[in-house]
Amino acid sequence: MTAPMDVVVVGGGVAGRSAAVFTARHGLDTRVIDSGESILRRNAHLENFPGFPAGVNGRQLLDLLEEQAAEAGCEQVTGTVTRVEPTDEGFAVETEDSNRSQATYVVAATKNAVGYLDGVDGVGIIDRGKSFVDTDERGRTGVEGLYAAGRLAEKPHQAIVCAGHGAEVGVTILEDDGRPFYHDWVAPDGYFTDRGRELPPGCEEIDDEQRRERERRSLGVTRERFAEPHPDEQVTHPSLRGE
């Protein structure tokens, strides 16, 4: 079994990795197990994601989110999860190659795949032709420590909605873990402290030099990532690939 984690996220699409960004940035040891089957990889051109007025390549967006999760300190591995099993310490998460991860919290974010949750008492599975996991509005299932995010939690089938719900699930885990209210905001130098306030949890203040350096890096990454078309070929539906 690999080293115990605070959070294991099953699924590397926009919902799963958005959740992972928030838990990892707040210091929870987070691992994403990604099978590489995000439906966004089938998208020819994503045209309704905020911030991209001319649209964006869906595979490029996933790559950028993967980089962002890595920047946050998230461990990311390739694999297909076959079983989630409750333990005294939380959950054991097993992949098809028999690798096992121990986690306090698990986020299920696999669109409509639910077989790996078979046998977990308290998980409500909803069958509407496709399978969903029954959750409250914050992604909590009927099992303490187990969450579902994005499409699997019955969210509308839109990338921005699923990304937002993944982030909400990540923040919910922080709240359920007893962490202070989480801002995750980079503010100008003195924004809080010059008013006699302590920095809220998850906030930092940066001066003009730091701000300019971060902006330079941001512009450089953006230019590099969008200088050429994404190298991966367009992915089609499995039925069109003879699967």
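The values are calculated or read from the model by the stated rules, or taken from the named source; none is laboratory data. Worth saying up front: this structure is predicted, and the values here are computed from it rather than measured. Counting neighbours? That spans all protein chains shown, and the Cβs are built from the backbone with ideal geometry, glycine included. Side chains are part of the model used for accessible areas, which takes the heavy atoms of the whole protein and leaves out ligands, DNA and RNA. Shrake-Rupley method; radii C 1.70, N 1.55, O 1.52, S 1.80 Å.
Taken over the stretch 26-59, the residue count meeting the criterion of being out of contact with any Asp or Glu (no Cβ under 6 Å at 6 or more places or on another chain) and within 18 Å of Gly166 (Cβ to Cβ) is 20.
Counting only strands (runs of 3 or more DSSP E) that sit wholly inside the stretch 1-89, those with at least 1 residues that are surrounded by fewer than 16 Cβ atoms within 10 Å (Cβ to Cβ) are 75-78, 81-87.
Can you list residue pairs whose Cβ atoms sit under 9 Å apart, with the first residue in the stretch 47-76 being within 17 Å of Pro229 (Cα to Cα) and β-branched (Val, Ile, Thr) and the second being assigned to a helix (DSSP H, G or I) and modelled with pLDDT of 95 or more? Count only pairs 6 or more apart in sequence or on different chains. Pairs that qualify, where the first residue is within 17 Å of Pro229 (Cα to Cα) and β-branched (Val, Ile, Thr) and the partner is assigned to a helix (DSSP H, G or I) and modelled with pLDDT of 95 or more, are Val56/Leu64.
When Thr104, Thr135 are screened for being assigned by the TED database to the domain that holds Gly16, of a type in the set (S, T, N, Q) and assigned to a strand (DSSP E or B), only Thr104 passes.
For the stretch 165-182, the tally of residues that are in a helix (DSSP H, G or I) and not aliphatic (A, V, I, L, M) stands at 7. The residues of the stretch 114-133 that are open to solvent by less than 80 Å² (accessible area, probe 1.4 Å) and either touching a residue at least 40 places away in the same chain (Cβ under 8 Å) or among the charged types (D, E, K, R) (or both) amount to a single one, Tyr116.
Residues in the stretch 99-112 that are within 16 Å of the chain's Cα centre (by Cα) and either open to solvent by 50 Å² or more (accessible area, probe 1.4 Å) or of a type in the set (Ser, Thr, Tyr) (or both): Tyr105, Thr110, Lys111. Confirm whether Phe192 is over 23 Å from the mean Cα position of the chain (by Cα) and aromatic (Phe, Trp, Tyr). It is true that Phe192 is over 23 Å from the mean Cα position of the chain (by Cα) and aromatic (Phe, Trp, Tyr). Filtering the stretch 192-220 to residues that are modelled with pLDDT under 95 and either among the aliphatic types (A, V, I, L, M) or in the same structural domain as Glu37 (by the TED database) (or both) leaves only Leu199.
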